[in-house]
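The values are calculated or read from the model by the stated rules, or taken from the named source; none is laboratory data. The structure presented is a predicted model; accordingly, all values stated were derived computationally and were not measured. No Cβ is skipped: glycine too gets one built from the backbone with ideal geometry, and neighbour counts run over all protein chains shown. We work out accessible area using only protein heavy atoms, side chains counted, and drop any ligands, DNA or RNA first. Shrake-Rupley method; radii C 1.70, N 1.55, O 1.52, S 1.80 Å.
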Amino acid sequence: MSTAQPPTPTPTAAGPEQPLDLAGIGIGPFNLSLAALAHGIPCLRTAFYEQRPAFHWHPGLLIDGAKVQVPFLADLVTLANPTSPWTFLNYLKAHERLFPFYIAERFHIERAEYDAYCRWVSRHLPGLHFSHQIDAVRWNHDHLLFELDFTELDATGEARHMGRSYARALVLGVGTEPHVPAPLRPLVDTPGVPVIHSADYLEHREALLATGHVTVVGSGQSGAEVFLDLLRNRPPGAEGLHWLTRTPAFAPMEYSKLGLEHFTPDYARYFHALPECVRDQLLPRQWQLYKGIAHDTMTEIHDELYRRTRHGGWPDTVLTPGVTVRTAGRIAAARLELHLEHAQQGARSRHITEAVVLATGHRERRIDTIIAALDPYIRRDSRERPRIDEHHRIVLDPIVKGPIYVQNAQRHAHGVGAPDLGLAAWRSAVILNSLTTEPVYPLPPRTAFTTFGLHPTHPSSPAARHLPEQRDSFRSPDTQAILG
């Protein structure tokens, strides 16, 4: 039970007398989607908090020409509400670019344009509070509300105000963080050593282009895009590039139409209904669904390599799959040594380079640290991960009457589609529907031609969407009157 007195309210705080219906922690694409769809619900009080001063989506990877791997219809809202004012097409209309986009016939847009679209939404959508750091989250047993302590930051990142908000429900959208393999962490943590994660690529791009030899480690789309950008901008015959991957091949991403049905609500429901042990066995085997390389990118890399053979001889590049970095170290002021092992050959070797770009992916941020005070109430699976129900709520002790939703932290529960932008609007609609007596965003009962399993799973009925103890405790009277 919390007995601390709340600080003096700030304009971005909500007191226990008029709490928020939903408070969001983090403003990435998924919580931005939720905020945009929530904006269309009368009298639903929401607020979203983000430590960064403004919205940015993987700024280090907005390489010129790099495209989003889902169609533009997978924007923040369209697949749940195509009439929303926050669609990508409305963004184009607002910038008088609708006809050029129509003539361009682009189904997949560039990452930089997707980032610009999201920033446009974030600048115009009310209820988003940037430069707000969430310090603690608690359950207040007296008020039957969540307490959120936050610090408002100034332009330099220093504390300006402290505040507290109360909310009936929470949603965690804290995103992912760059993953660095253990053998390379000492080099990454050493100042001045040219070993960077691809998430910071553009910040270091000019220095990398001026470096004599660069090694890219990682087999996914980011690794391919970094390798291609370096290749295109280094002189023929003096490319000085290595590309090493742990996967047994430079494999294309699964992009067949039926294969893409793994990114539908139908498959998410099927996956969630499987036993935990089966889910854990499935995910590693499905890596080409989300870790492969786009066919167009692979073609562009091969075309560029082939074009360079016209100058006589092969380009100074080495592309080797099936390789693991065992250890790494610095051997001189400007030289790095990687100790490699090839799985299929059982062979080992030393590799000398001057800089390394780690395209080794991102990992889900642990949500436990953000809601540490609620840890005793979280129900966990056999691997100590939070259990997530079909409506993306953490399963909690019944003593906590309000729900906590998660976004992009439930691949173990909902499958490969959890981090996919194509399911953002659908998941946001599921969350909002579970907060209201009647669905505010009707969702189709079927979304794929594939029937997953002998006993297909279907969406729960509206009456089954609510945990009994949550039904009447976290919605404001105004919301109940309008939506109930």
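Structure notes:
- Seen from P181, the other residues with C-beta closer than 15 Å to its C-beta sum to a net charge of +2, counting Lys and Arg as +1 and Asp and Glu as -1.
- Whole-number percent relative contact order across segment 127-196, with pairs defined as alpha carbons under 8 Å at least 6 apart: 20
- Rounded to the nearest 10 Å², the accessible area of I378 at probe 1.4 Å: 10
- Segment 390-411 and segment 349-376 have Cα centres lying 24 Å from one another.
- Degrees separating the helix 221-232 axis from the principal Cα axis of the chain, which is the longest one: 40
- Peptide packing for 225-233, 184-192, 165-173 was compared via the average number of neighbouring C-beta atoms within 10 Å per residue; ordered from the highest value, the list is 165-173, 225-233, 184-192.
- Size descriptor for segment 358-406, Kirkwood hydrodynamic radius: 12.0 Å (Cα pairs only, one decimal).
- Taking all protein chains together and a 1.4 Å probe, the residues T457, T353, T299 rank T299, T457, T353 from largest to smallest accessible area.
- Contour minus Cα-Cα distance for A182 and A94 (0.36 nm per residue): 27.0 nm
- Counting only alpha carbon atoms, the long axis of helix 276-285 and the longest principal axis of the chain meet at about 30°.
- Using just its DSSP H runs of length 4 or more, each adding -39500 (n - 2.57), the chain gives a mean residue ellipticity at 222 nm of -7000 deg cm²/dmol after division by all residues.
- Förster-model FRET efficiency, 51 Å R0, A373 and T309, C-beta, rounded to 0.05: 0.25
- Within a straight-line Cα-Cα reach of under 14 Å, K401 can be paired with the following aspartates and glutamates, leaving aside sequence neighbours fewer than 8 residues apart in one chain: D21, D142, E147, E469, D472.
- Residues with amide H under 5 Å from that of H197, placed H, sequence gap 5 or more: L358
- Dividing the Cα radius of gyration of segment 287-353 by 2.2 N^0.38 Å, with N the residue count, gives 1.45.
- 10 Å binning of all Cα-Cα separations within the chain, expressed as whole percents from 0 upward: 4, 18, 27, 25, 17, 7, 2, 0
- A simple rule links phi to the HN-Hα coupling: the Karplus curve 6.51 cos²θ - 1.76 cosθ + 1.60 with θ = phi - 60°, which for segment 240-250 gives x, 10, 10, 10, 10, 9, 7, 5, x, 7, 7 Hz, with x for Gly and Pro.
- Distant-in-sequence amide H partners of A136 (H built 1.01 Å from N, under 5 Å): D149
- The distance linking segment 41-101 with segment 291-320 is 33 Å (Cα centroid to Cα centroid, whole angstrom).
- Each part reduced to its alpha carbon centroid, segment 268-285 and segment 172-210 end up 31 Å apart.
- In sequence order, segment 152-166 has phi-based couplings of 7, 9, 8, 5, 8, x, 8, 5, 10, 9, 10, x, 9, 10, 10 Hz under the Karplus curve 6.51 cos²θ - 1.76 cosθ + 1.60, θ = phi - 60°, and Gly or Pro positions carry x.
- Each Lys or Arg adds one and each Asp or Glu subtracts one; over the other residues with Cβ under 14 Å from the Cβ of L209, this totals -3.
- For the chain: relative contact order, % (alpha-carbon pairs under 8 angstrom, 6 or more apart): 21
- Modelled FRET efficiency - R0 45 Å, E17 with R380, Cβ distances, 0.05 increments: 0.85
- Sorting the segments 332-339, 310-317, 108-115 by their residues' average number of neighbouring beta-carbon atoms within 10 angstrom, most packed first, yields 108-115, 332-339, 310-317.
- For K257, the lysines whose Cα falls under 18 Å of its own Cα, not counting residues fewer than eight places away in the same chain, are K291.
- Whole-Hz ³J(HN,Hα) from phi, Karplus 6.51 cos²θ - 1.76 cosθ + 1.60, for segment 194-201, glycine and proline x: x, 10, 10, 8, 4, 4, 10, 4
- Percent of Cα-Cα distances greater than 14 Å, calculated over segment 332-418: 74
- The residues of segment 78-146 present an accessible area of 53 Å² per residue when probed at 1.4 Å with all protein chains retained.
- Normalised by 2.2 N^0.38 Å, with N the number of residues, the alpha-carbon radius of gyration of segment 112-176 equals 1.36.
- The residues of segment 248-395 have, on average, 55 Å² of accessible surface per residue, using a 1.4 Å probe with all protein chains present.
- Only Cα pairs under 8 Å and 6+ residues apart enter the sum, and on that basis the relative contact order of segment 214-356 stands at 31 percent.
- Protein accessible area in segment 214-267, 1.4 Å probe - carbon and sulfur %: 61
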